[in-house]
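Read the structure below first, then the notes.
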Amino acid sequence: MSATATATAQAGTSLSEKQSRILEYLRENADTQTYFKSRLIGDALDLSAKEVGTNMPAIEKGDFDIEVEKWGYSSSTTWKVTA
């Protein structure tokens, strides 16, 4: 099992299915992008911006291999993600 799959499996025990999908999306894209809008994450994962915003605090407060910080609110909440 790869390190990412192992980390996802371990994290998956405390995250919902939507939260796990969002976390995996952020992990896959954090090396090329720093700021993510809820609306655009939702578009990529077939979720609404509200669903993303509702599920992000679990990732923000969790102990994962990325750091998530609520950054701005213009036209959709923006999240700063660092790997």
³J(HN,Hα) computed for each position of region 58-67 - Karplus, 6.51 cos²θ - 1.76 cosθ + 1.60, integer Hz, glycine/proline x: 5, 6, 4, 8, x, 9, 10, 7, 10, 10
With every protein chain left in place, what is the accessible area of T32 in Å² (1.4 Å probe, nearest 10)? 120 Å²
J(HN,Hα) series, region 20-26, from Karplus relation 6.51 cos²θ - 1.76 cosθ + 1.60, nearest Hz, glycine and proline x: 5, 5, 5, 4, 4, 4, 5
Please turn the phi angles of region 68-79 into ³J(HN,Hα) values with the Karplus equation 6.51 cos²θ - 1.76 cosθ + 1.60 (θ = phi - 60°), one per residue in order, whole Hz, x for glycine and proline. 10, 9, 5, 10, x, 10, 6, 6, 2, 4, 10, 10
Measure of exposure for D63: accessible area at 1.4 Å probe, Å² rounded to 10, is 150 Å²
For L45, L40, L26, give the ranking by accessible area with the largest first, probe 1.4 Å. L40, L45, L26
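The values are calculated or read from the model by the stated rules, or taken from the named source; none is laboratory data. What you are looking at is a predicted structure, and each value in this text was computed from that prediction instead of being measured. Areas reflect the complete protein model, heavy atoms only, side chains present, ligands, DNA and RNA absent. Shrake-Rupley method; radii C 1.70, N 1.55, O 1.52, S 1.80 Å.
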